[in-house]
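So the structure is just underneath, and the comments pick up after that.
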Amino acid sequence: MLADERHQRIRALVATLGRVATDRIAADLGVSRETVRRDLVELEARGALRRVHGGVLAPRPAAEPPLAERSRIRPREKQAIARAAALKIEPGQTLFLDAGSTVAELAAVLATLTGLTIVTNSFEVAGRIAMAGADTRGLEVIQLGGRVVPGAGATLGAATIAEALRHHADWALLSPVAVDAGAGATSHDHDEAELARAMTARADRVAILADHAKIGQRSRVGYCPAERIDLLVTDARARDLPALEALTDLVGEVVIA
């Protein structure tokens, strides 16, 4: 892995989680602690993070990385999670989909199915399904209005929440920044969390799509307690995490993709 790619992924982790252990970064990137140490020294010199004992901190509250950047992180895991989640969907159902990068992969799978109504604030989700010939497959896409957030490729805010609350869905399929037994599903952004909370309130069932790096982590704003999660879909690298065991005791079902 080239240095620029490592730096990009380290910055994404720090921006998303706020505080990250050095061992966690080394494991996530698949490189040595010494390589990570050199990268962190360089990134600190650029003002991208602040080194502390055992890890690093974000220099200030930072926005979640743009969707395009998040989509390049663990793409194979996200695609596997999306395929596994789609197996739970039945024709005739209405689905809430948020603007997470894993949910964008799910949209590509849903675009091959028939007879669904998708309600989303994500331009990426709506576009993937619409461009796949949704009108000929009995797929209806409802794009929620509201304030456009360019980096997120989505609408957010009070108007978006108000529109979401007008709908009722069989499933809310959401991709959080992090999920653990104590905090449940969490987001970095308050507006994203409020919309996700509205979607969970208006859905019969809640599915959380989270790769292994999000399991056992917490971000700033909670929106769905673990007990409210009906389905957690993650990838095989989460299988031996103690945090997944704790979640398994609380959520309705865990699927390993």
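The values are calculated or read from the model by the stated rules, or taken from the named source; none is laboratory data. Predicted, not measured: the structure shown is a model, and the values here were computed from it. Virtual Cβ from ideal backbone geometry, glycine too; neighbours counted across all protein chains shown. For the accessible areas, the whole protein counts, side chains as well, though only heavy atoms, and no ligand, DNA or RNA atoms are used. Shrake-Rupley method; radii C 1.70, N 1.55, O 1.52, S 1.80 Å.
Computed quantities for the displayed model
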{"read-out": "Residues of region 157-174 that turn out to be crowded, with 16+ Cβ neighbours inside 10 Å and touching a residue at least 40 places away in the same chain (Cβ under 8 Å), as a count", "value": "8"}
{"read-out": "Residues within region 237-253 that are surrounded by fewer than 17 Cβ atoms within 10 Å (Cβ to Cβ) and without any contact (Cβ under 8 Å) to a residue 60 or more places away in the chain, tallied", "value": "8"}
{"read-out": "Selection from region 175-185 of residues that are within 18 Å of G252 (Cα to Cα), within 15 Å of the chain's Cα centre (by Cα) and either open to solvent by 10 Å² or more (accessible area, probe 1.4 Å) or not small (G, A, S) (or both)", "value": "S175, P176, V179, D180"}
{"read-out": "Set A207, A201: member being surrounded by fewer than 20 Cβ atoms within 10 Å (Cβ to Cβ) and closer than 23 Å to A152 by Cβ", "value": "A201"}
{"read-out": "Top-ranked residue in region 216-236 [being touching a residue at least 60 places away in the same chain (Cβ under 8 Å) and in a strand (DSSP E or B); ranked as nearest to M199 (Cα to Cα)]", "value": "L231"}
{"read-out": "Count of region 131-153 residues which are of a type outside the set (V, I, T), out of contact with any Gly (no Cβ under 9 Å at 6 or more places or on another chain), open to solvent by less than 60 Å² (accessible area, probe 1.4 Å) and at negative phi", "value": "6"}
{"read-out": "Filter pass, A172 being under 21 Å from A84 (Cα atoms), within 18 Å of the chain's Cα centre (by Cα) and either outside any strand (DSSP E or B) or at pLDDT 95 or above (or both)", "value": "yes"}
{"read-out": "Test: V125 is touching a helix residue (DSSP H, G or I) at 6+ places or on another chain (Cβ under 7 Å) and either in contact (Cβ under 8 Å) with a residue 40 or more places away in the chain or open to solvent by 10 Å² or more (accessible area, probe 1.4 Å) (or both)", "value": "no"}
{"read-out": "Sole residue being closer than 12 Å to D98 by Cβ and either assigned to a helix (DSSP H, G or I) or at pLDDT 95 or above (or both), chosen from A243, A193", "value": "A193"}
{"read-out": "Elements of type strands (runs of 3 or more DSSP E) in region 20-101, at least 2 residues being open to solvent by less than 40 Å² (accessible area, probe 1.4 Å), closer than 17 Å to A213 by Cα and modelled with pLDDT of 85 or more", "value": "55-57"}
{"read-out": "Residues located in region 118-132, provided they are in contact with a Leu (Cβ under 7 Å, 6 or more places away or on another chain) and either more than 23 Å from V177 (Cα to Cα) or of a type in the set (G, A, S) (or both)", "value": "S122, I129"}
{"read-out": "R147 of a type in the set (K, R) and under 27 Å from A257 (Cα atoms)", "value": "no"}
